[in-house]
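For reference, the structure discussed in these notes is given below.
Any read-out appearing in this document is the output of simple, stated calculations on the displayed coordinates, not a laboratory observation. Small disclaimer: the values here were computed from a predicted structure and weren't measured. Every residue, glycine among them, receives a Cβ derived from its backbone with ideal geometry; neighbour counts consider all protein chains shown.
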Amino acid sequence: MTLRAQIAVVARLDLAEVLRSRWLVFCLIVHAVLAAMFVLVGLRESGVVGFTGMGRALMSWSHALLFLLPLLALSATGQVVNTARDDGSLELLLANPVSRAGYFVGTSLVRMAALVLPLLVAMPAVALVGAGAFGQEVPWGFLLRGVAVSTALLLCFTAIGLWVSTLVRNQAKALMLTILLWAAGVALIDFGLIGLMLQWELPPQAVFALALLNPVQCARLALLSAAQPELSTFGPVGFYLANHIGPDGLFWLGIGWPLLLGLTAWVWSLGAFRRRDLV
Amino acid sequence: MRVELANVGKRFGRVEALRGVTFELPAGSRTALIGPNGSGKSTLVRALLGMLRTGGEVRFDGAPAGDDRRELARRIAYVPQIAPRLAAPVRDVVRAVAGLRGVAWHTIAAVAADLGVDLDQLAARPFRALSGGQRQKVLAALALASSAELLLLDEPTASMDPRSRSAFFARVEALPSSVTILLCSHRLDEIRRLVDRVVVLTEGQVAWQGAAGAYLDDHAEAIVEVDAAGEPAAVWLREQGFVQGATGWWSRALPVAQRARLLGEITHRLDGTLRDVIARDVERLQPPGGGTAS
């Protein structure tokens, strides 16, 4: 049986797990509730970082997603492999002619699709509903930017979750680590780091580097890159970068770094999964 | 398939789960792997399945297992003791394994029916919604239908009812004589019916290996229970070493080889006073003289 066929077999079985756990529905509901809230509250005559109307609502929503998506991704994937190991399903499946790579790729694809698809459905749907209900014009450019950045961030943290679930055998420890990773991601944006710099007298270069290593910060800057850079909204790191690499550079950095980090985590997980004891 | 294990070792942190395990499963042999909980039986089975990295060497038909185990996995079938609680429907689970192994649905369904499970009826139900016995029967059917050359059975009938166990035994007995079987089990009836060799693991080491008959002679014990009326019967039973329980039944343990003779004596001596007699085989954990012979 080809690798593609093995992946399809594993994916079909894992999809049943995902549907049973209702992650797809949960993600859609979370996106819809958040979006509805921002559309209803956000469509007023005021401006935020240069955005008005629907653009402002989408901007606010996207920003909220930046904090929520890592949590969704980590909680959906941080216990995938270790749970399968503990409940015997990994043992059962790999006792058959399925390669370890086939299993890991199949599971990864399903988990990524389960997290990304609701986002791809919800974002345009919210924009269209908002436009129809309030007569606003849909800012398609910003919408696409938001979808791209959110997808990159989601894939990054999905891969990090798989990395945790592969390397940490104990489910409770894996859960703790995912919570810590999420907290670090949302706390260590440059405003938080400036606090650390002042407290511990860290050199500014170190703060800039730490801020840029954080995929949440990169995604945030990519979203903001559509607006005129201001120190108060971009923060020191964003403001510095916006003036040095420009809005396009900021945007591609916000997509490229999370994807690269996610790819690294995923390849690392795959290697560990292929080499290590499975039960 | 011939399987050779040479000095196989496995350590989990400070725990040495397997230590210098060396034995051979000749092609077509049927071997029981027994030992107390934590003795390393499951670890050894998982090592054979390629799920653990072990020290030493495992060879299949003279060749090392290698890293790509897909081709080898096609030749090995496995029935776990506890079936996983997969959310996928039974249909998907069976089709997945059938597809991976190239076995037709109706072949698996026929074996499952023999074991007392109607696959077509259960097809739409989530695998996890089946009872433990039903799940084990489905997995046993998948393994038995797979035409594997090596069957690894880890307490395969632990959750099965007596009729299904009997059907399972018959199916295993009907397998081609070239099929090698490694059975983890504590059940004497399984050992008696299904295997010709026994390997005993204790604390990760091979403590004993030899013919199943020799093992059974050392470990199989019969419990005879008698319900008889009257004082003469009680006196005779007491003389024979029987002890009366709270329910009024008399019971005695004895080597299996002496069971038939004792039953004959009971029916002869207690003629007219005998109300009922029951005999059953149990495993004596500690053989006479303590320890295990090698």
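One table, with the values for the structure above:
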quantity: At R0 = 41 Å, FRET efficiency that the Cβ-Cβ distance of A:PHE134 and A:SER21 yields, to 0.05; calculated: 0.70
quantity: Residue-by-residue Karplus 3J(HN,Hα) for the stretch B:173-190, coefficients 6.51, -1.76, 1.60, Hz, glycine and proline x; calculated: 5, 7, 5, x, 5, 7, 6, 8, 10, 10, 10, 8, 7, 10, 7, 5, 5, 5
quantity: Contact order normalised by residue count of chain B, Cα under 8 Å, 6+ apart, percent; calculated: 20
quantity: Computed label-point distance, nm, for sites A:ASP277 and B:GLN121 using a 7 Å Cα→Cβ extension; calculated: 4.2
quantity: Reach of B:LYS137 by Cα under 22 Å, taken over lysines that are not fewer than 8 positions away in the same chain; calculated: B:LYS41
quantity: Relative contact order (%) - criterion: Cα under 8 Å, at least six apart; region: chain A; calculated: 25
quantity: GNM result for chain B, Cα springs below 10 Å: residue of B:ARG53, B:ARG187, B:ARG165 fluctuating most strongly; calculated: B:ARG53
quantity: Efficiency of FRET from Cβ geometry, A:LEU202 and A:ASP248, R₀ 35 Å, rounded to 0.05; calculated: 0.75
quantity: Candidates A:ILE245, A:ILE179, A:ILE189, ranked by Gaussian network fluctuation over chain A, Cα under 10 Å, top entry; calculated: A:ILE245
quantity: Calculated FRET value between B:VAL243 and A:TRP268, using beta carbons and R₀ = 56 Å, to 0.05; calculated: 0.30
quantity: Segment B:ARG261-B:ALA211, length gained on full extension (0.36 nm per residue, minus Cα span); calculated: 15.6 nm
quantity: Selected from B:THR202, B:THR273, B:THR247 as most flexible by GNM, with chain B as the system and alpha-carbon contacts under 10 Å; calculated: B:THR247
quantity: Label point 7 Å beyond Cα of B:ARG163 along Cβ direction - residues of the stretch B:52-85 with amide nitrogen under 16 Å; calculated: none
quantity: Likely footprinting exposure, B:THR107, A:THR107, fewest C-beta neighbours within 10 Å first; calculated: B:THR107, A:THR107
quantity: Amide hydrogen neighbours beyond the local backbone of B:ALA17, cut-off 5 Å, H modeled; calculated: B:LYS10, B:ARG11, B:PHE12
quantity: Partner chain coverage, peptide B:48-56 - average Cβ within 10 angstrom; calculated: 3
quantity: Ascending count of other beta-carbon atoms within 10 Å, so fewest first, for B:ARG163, B:ARG193; calculated: B:ARG163, B:ARG193
